[in-house]
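Below is one structure, written out as structure tokens, with a few remarks after it.
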Amino acid sequence: MGKVMFFTSLAETVDLLKASGKTIVFTNGCFDILHAGHVTYLAEARRLGDVLIVGVNSDASVRTLKGPRRPIVPQEERATVLAALEAVDYVVVFDEPTPYTLIEAIRPHVLVKGGDWSTESVVGRDIVEANGGRVVIIPFVPGLSTTNIIDKITESFNTGK
């Protein structure tokens, strides 16, 4: 079985993992143009439990959140690259603007978000905490972001440097 899973298969797999005593960690994001900040973040998230599940916003979801020119990388490619990372156990693409329904289905023990979120604003916090889990905020790696990469590329081509 591959690391990239459909919603229903993932929910069944998570039930089996929980039954065997595994601690499930979940995070989500667009992960458009994967960079070292993402890799560091995912490795830190993985250390918080036994299994790391990454929810990836679908192309339509990214457009809703980031605008019509995004994503740069299609959802299937983003999922494939994430699945290739050692820290990541499973990847699932979701089509909604938030992963609330996905979090409700898998009920992770640990919900992880990046440093641009406060614990109180994390989508799904209510579900996780109601089930005895916790929310962890992992600080950003300074200067590393997809937006910065896109800006640098755009500037480079606009100035001819």
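Readers should treat all values here as calculations from the given coordinates under stated rules, not as data from a laboratory. All values reported here derive from a predicted model rather than from experimental measurement. Every residue, glycine as well, gets a Cβ built from its backbone with ideal geometry; the counts of neighbours run over all protein chains shown.
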GNM of the chain, Cα pairs under 10 angstrom: of Asp151, Asp32, Asp126, the biggest fluctuation goes to Asp151
Going down the list Lys22/Lys152; Lys3/Lys113; Lys18/Lys66, which pairs span over 31 Å between their C-alpha atoms? Lys22/Lys152; Lys18/Lys66
When only DSSP loop residues count, what GluC sites (Glu not before Pro) in the range 1-86 have their Cβ near at most 12 other Cβ atoms within 10 Å? Glu86
Rounded tilt (10° steps) of 7-19 against the dominant C-alpha axis of the chain: 50 degrees
Residue among Asp59, Asp116, Asp89 with the largest mean-square fluctuation in a Gaussian network model of the chain, springs linking Cα atoms under 10 Å: Asp116
Cα axis of helix 146-159 to longest principal axis of the chain: angle in degrees, 0 to 90, nearest 10? 10 degrees
How many angstrom separate the Cα center of the range 43-91 from the Cα center of the range 92-135? 15 Å
